[in-house]
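Comments concern the structure below.
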Amino acid sequence: MTTDPFDRSTLLVAATRAEAHHLPADARVLVTGIGKVRAATTLTRALVEAERDGRPPIRQLISIGTAGALRAQHTGIFFPSVVIEHDISATELRAMGYPLVDRWELPDGDGTVLASGDTFVADPVRRDVLARHADLVDMEGAAVAHVAADFGIPCRMVKIVSDAADESAMDWPSVVDAAARRLGEWCAGAAAIG
């Protein structure tokens, strides 16, 4: 375990307290709640309040948490290079003349694609449809990427596979602590690296 302090200009963003439970005690952590709307509003409020209250500026966001694997070979921790919003009719809206961003490129990724939406994916049929475009699925990543882009703050995703985005997803409460522990270890290691 590192004795170096966690970089206070980095904000770790997690959807639930369970996912954030093992993050370093000195890390700057925001728990948003589940879903894109809660993630977007809570994160936006936190960024505005940090600027207004004179707290240290936030220079990087890291969305950290669990994700469902859309392919059987995906296990462990991933650093998505792309986040897409899977539950918006972006193609149709663009065809009607409404410019809409539903894809964000992220630096320092591992090539994986994370699909975010407000649908809890626990159905193999839905999983297989999403697997045509993505590797992992969560419920907040796109919102964090969108807010980060709007504020001009670099953003990174760190996601650990907790289930296979099928009926096993319903076991999430029983596996989240082990997943959160591994995320905490990653964060402690990242702080040590600097």
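The values are calculated or read from the model by the stated rules, or taken from the named source; none is laboratory data. Given the structure is predicted, the values throughout are model-derived calculations rather than measurements. Positions of Cβ are generated from backbone atoms using ideal geometry, with glycine treated the same way; all protein chains shown enter the neighbour counts. For the accessible areas, the whole protein counts, side chains as well, though only heavy atoms, and no ligand, DNA or RNA atoms are used. Shrake-Rupley method; radii C 1.70, N 1.55, O 1.52, S 1.80 Å.
Descriptive notes on the structure:
- Exactly one residue out of Asp108, Asp177, Asp171 is modelled with pLDDT of 90 or more, open to solvent by 20 Å² or more (accessible area, probe 1.4 Å) and either out of contact with any helix residue (DSSP H, G or I) (no Cβ under 9 Å at 6 or more places or on another chain) or not charged (D, E, K, R) (or both), and it is Asp108.
- Condition broken by Ile88, with the remaining ones in (1) closer than 20 Å to Lys36 by Cβ; (2) in a loop (DSSP other than H, G, I, E, B); (3) out of contact with any Gly (no Cβ under 9 Å at 6 or more places or on another chain); (4) of a type in the set (A, V, I, L, M) satisfied: (3)
- Matching entry among Arg45, Arg132, Arg38 (being out of contact with any strand residue (DSSP E or B) (no Cβ under 9 Å at 6 or more places or on another chain), open to solvent by 40 Å² or more (accessible area, probe 1.4 Å), over 22 Å from Met170 (Cβ atoms) and not in a loop (DSSP other than H, G, I, E, B)): Arg45
- Positions within the stretch 59-70 being closer than 21 Å to His22 by Cα and open to solvent by less than 30 Å² (accessible area, probe 1.4 Å), in sequence order: Leu61, Ile62, Ser63, Ile64, Gly65, Thr66, Ala67, Gly68
- The residues in the stretch 71-84 that are at pLDDT below 95 and either assigned to a strand (DSSP E or B) or open to solvent by less than 10 Å² (accessible area, probe 1.4 Å) (or both) can be counted, and the count is 0.
- When restricted to residues that are more than 19 Å from Ala148 (Cβ to Cβ), touching a helix residue (DSSP H, G or I) at 6+ places or on another chain (Cβ under 7 Å) and in a loop (DSSP other than H, G, I, E, B), the stretch 48-70 contains 1.
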